[in-house]
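The values are calculated or read from the model by the stated rules, or taken from the named source; none is laboratory data. This is a predicted model, so every value here is computed, not measured. Cβ placement follows ideal geometry from the backbone for every residue including glycine, while neighbour counts extend to all protein chains displayed. Surface accessibility is based on the protein's heavy atoms, side chains included, excluding ligands, DNA and RNA. Shrake-Rupley method; radii C 1.70, N 1.55, O 1.52, S 1.80 Å.
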Number of protein chains: 2
Amino acid sequence: MSTQDAAHPAPGSLMGAEIAAQPQVLAGQLDRQLRAIRVVAERVRDADPRFVLLAARGTSDHAALYAKYLLETELGLPCGLASMSTLTAYGTTPRLADTLWVAVSQSGGSPDLAESTRVAAANGALTLAVTNAPDSKVAAAAHLQVDIDAGPELSVAATKTYTAQLQALWLLIDAWRGGDGRQARQVPAAIQQVLDESVALVATRYRFADRVLTVGRGFSYPTAREGALKLMETSYVAAQAFSGADLLHGPVAMVDVHHPVIVCAPNGVGAELLRPVLNRLGEVGAEVCLLGPSSLADDFGITTRLGDPVVDEQLSPLVQVVPFQALAREMALARGFDPDHPRGLRKVTETR
Amino acid sequence: MSTQDAAHPAPGSLMGAEIAAQPQVLAGQLDRQLRAIRVVAERVRDADPRFVLLAARGTSDHAALYAKYLLETELGLPCGLASMSTLTAYGTTPRLADTLWVAVSQSGGSPDLAESTRVAAANGALTLAVTNAPDSKVAAAAHLQVDIDAGPELSVAATKTYTAQLQALWLLIDAWRGGDGRQARQVPAAIQQVLDESVALVATRYRFADRVLTVGRGFSYPTAREGALKLMETSYVAAQAFSGADLLHGPVAMVDVHHPVIVCAPNGVGAELLRPVLNRLGEVGAEVCLLGPSSLADDFGITTRLGDPVVDEQLSPLVQVVPFQALAREMALARGFDPDHPRGLRKVTETR
């Protein structure tokens, strides 16, 4: 029994509980929200948008990036991540007919997101808010909304709301393309399998690393981004995320033997695209930690591993982020920080 | 006289010459290419695209991001940065009618860029290549092309081709909106003014910094990104770039007194948006180096400066990147590296 009382939970206990709750959170969302999400998808399909703009910040921006890959590969729709300041600060009058605007936010509380959503709607876009707060300003500003229904998130570092955003976006896009959401049923068990594997060895190994690179490609790129953000927020490590292709266009010069590189490879196409990157990292002698298929680990002699969650490539971001969350939490604790309360952060960040 | 001969120039001499050549390069482009760029702009305006996708990697990706801000603020067009892998690797059939596809590349040699440009054209997009290589694969793959006409770039780290890309994109978009390109005439003198100021004090101060944050907002965000890439490529420092808004959504937790933060603020709206960010950086005691208006430096008591180039906010990225280029070169030399030949990089990076 911990000496901590309920009012002062042990460091990392909030984040730990929320990481562990993800199988139940996603299963619950599927049970309770699928019908509502399908209604929203029907409205969107009827509107037949030709372009999609996604607006978000922080962790939610990585969920938006995931949606961008899905929309492009599944529906062939050109997508962009919105630069909110062009709508809120530079006073643009955008031409947004035939455009779907998707605002993604855990709290739904950021003024610039609410304001840019209003501007988008006033200029012809169909607007949709994906939040964990159906009564929020952002949800109120949009024509349509999806409730990710993840329950209150008490840790400042977002975990369960991220995977709940990813699943809600997947369900929406799957319904839009005519699917029945069935594939999502494999996800909770896959996450549970990851949760049952310890990340303690890797956390110990990287206890004194002050720089970490994370690398993904295709569907694993949002995971590399979110993994880096979790490490920055909780362990204060200089974590830099790159797509494998962009890494080779310059930043690979700073890779050396002194700083670990965590490569996140989904099954399928993404894994193949990462082979030239793993080749280059091998040439410079970088220590690579692999989150991904054993076949890649074998081919490149990689022994530091963060799990091999087996799930369809398209759904793999919902599962592959979980070892990153656990690693960030354990590294923070090993360094004497409380990952539930990162220094200088509040749960709702207000930017304009 | 250096002991180096012509076949083995002194370290950093190529990059130094190319940084110094930028006023002449930009003036020459304006003289020689404005007419051709206006013809391309007319073709684009006649096609009246409703959406713009920009495809690029590395330094060129930052030029694409600049064009995104310009297109959004000046023409109100929704824009996206293309995820090339969705077109080349995941086998998508994109719906790109009414879409302008802009491929930006110095060498025009990357196979994924040429291939994705072909796929875009085959699926309804009007395609435009902006390169320094009119005979390249990427230029050949596009319907239209703009030659940035910067002359051969010998240093691996791109400098003059970056500002030449920015100016060519500005001229194109200015002509598209009906301008005559006149404002660009202020740029060469503004760059010369920056070149006349030494960055040696800052380079000395950051000689032993192994982590640097760069921060921008709005039009200065591409500069923060490109500045960070230059530092990574040449000095192997872990440079991380953030928009001021995104920094506050999480990464600010890792900011402390041990690592410098370079804030890049244009005149105008961008500077105002950075005030809350400078407030937060002050609260955590971060050392801030300001590239931007003296008024901001005075208000926040910032004494470490990288210049205050005075130029319209929209054109400021062409000028503000120059102190970053010079800083990256000097820091590399101070660390004993040759910025002309970063380890492990070739001039043309081929990614698929």
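Things to note:
- The distance separating the Cα centre of region B:153-200 from that of region A:52-95 comes to 28 Å.
- A label point on residue A:140, set 7 Å along the Cα-to-Cβ line, lies at 5.9 nm from each of its counterparts in the other copies, closest listed first.
- Helical content of chain A, expressed as a calculated mean residue ellipticity at 222 nm, amounts to -14000 deg cm²/dmol (DSSP H runs of 4 or more residues, -39,500 (n - 2.57) each, divided by residue number, nearest 500).
- Magnitude of the charge dipole for the protein assembly as shown, about its Cα centre and with charges confined to Cβ atoms of Lys, Arg (+1) and Asp, Glu (-1), is about 340 debye.
- Inter-site label distance for residue A:186 and residue B:46 at 7 Å from Cα along Cβ, in nm: 5.1 nm
- Relative to the longest principal axis of the Cα atoms of chain A, the long axis of helix A:111-122 makes an angle of roughly 40 degrees.
- Projecting the Cα atoms of B:36, B:52, B:25 onto the dipole axis of chain B, where Lys and Arg carry +1 and Asp and Glu carry -1 at the beta carbon, places B:52 farthest toward the positive end.
- Residue A:233 accessible area, assembled protein chains, probe 1.4 Å, Å²: 10 Å²
- Scanning chain A for the beta carbon that comes closest to the axis linking it by rotation to B yields A:80, 1, distance in whole angstrom.
- Once all protein chains are placed together, residue A:98 keeps about 60 Å² accessible to a 1.4 angstrom probe.
- Label-point spacing for residue B:93 across the identical copies (point 7 Å from Cα in the Cβ direction), in nm and ascending order: 3.9.
- Residue by residue, region A:280-285 carries 3J(HN,Hα) couplings of 5, 4, x, 4, 8, x Hz when phi is fed to the Karplus relation 6.51 cos²θ - 1.76 cosθ + 1.60 (θ = phi - 60°); x denotes Gly or Pro.
- Couplings 3J(HN,Hα) of region B:80-96, computed from phi: x, 8, 6, 8, 4, 4, 5, 8, 9, 9, 8, x, 6, 9, x, 9, 10 Hz, in residue order, whole Hz [Karplus 6.51 cos²θ - 1.76 cosθ + 1.60, θ = phi - 60°; x for Gly and Pro].
- Most positive-pole-ward Cα, B:240, A:87, B:257, against dipole of the protein assembly as shown from beta carbon charges: A:87
- Backbone geometry of region B:56-62 corresponds, through the Karplus equation with coefficients 6.51, -1.76 and 1.60 at θ = phi - 60°, to 3J(HN,Hα) couplings of 5, 9, x, 3, 4, 5, 6 Hz, x marking Gly and Pro.
- Pairs of Cα atoms nearer than 8 Å and 6+ residues apart set the relative contact order; for chain B it is 20 percent.
- The Rg/Rh ratio of chain A, with both radii computed over alpha carbons and Rh defined as the Kirkwood radius, is 0.96.
- Solvent exposure ordering (accessible area, 1.4 Å, most first) of B:303, A:59, A:88: B:303, A:88, A:59
- Neighbouring Cβ atoms from other chains, within 10 Å of the Cβ of residues in A:165-173, number 0 on average.
- Solvent-free Debye scattering, log10 I(q)/I(0), computed from the Cα coordinates of the protein assembly as shown at q = 0.06 Å⁻¹: -0.31
- Dipole magnitude of chain A, debye to nearest 20 (Cβ charges: Lys/Arg +1, Asp/Glu -1, about Cα centre): 540 debye
- Around the amide H of residue B:129, modelled in the peptide plane, lie the amide H atoms of B:103, B:144, B:145, B:146, all under 5 Å away and 5 or more residues distant in sequence or on another chain.
- Taking every residue in A:237-246 and counting other chain Cβ atoms within 10 Å of its Cβ, the average works out to 5.
- Averaged over the residues of A:89-102, the number of partner chain Cβ atoms lying within 10 Å of the residue Cβ comes to 4.
- Relative to the longest principal axis of the Cα atoms of chain B, the long axis of helix B:22-47 lies at roughly 40 degrees.
- Where B:62, B:259 fall by accessible area, highest first, once all protein chains stay in place (1.4 Å): B:259, B:62
- Nearest-ten-degree value, helix A:160-176 long axis tilted from longest Cα axis of chain A: 50 degrees
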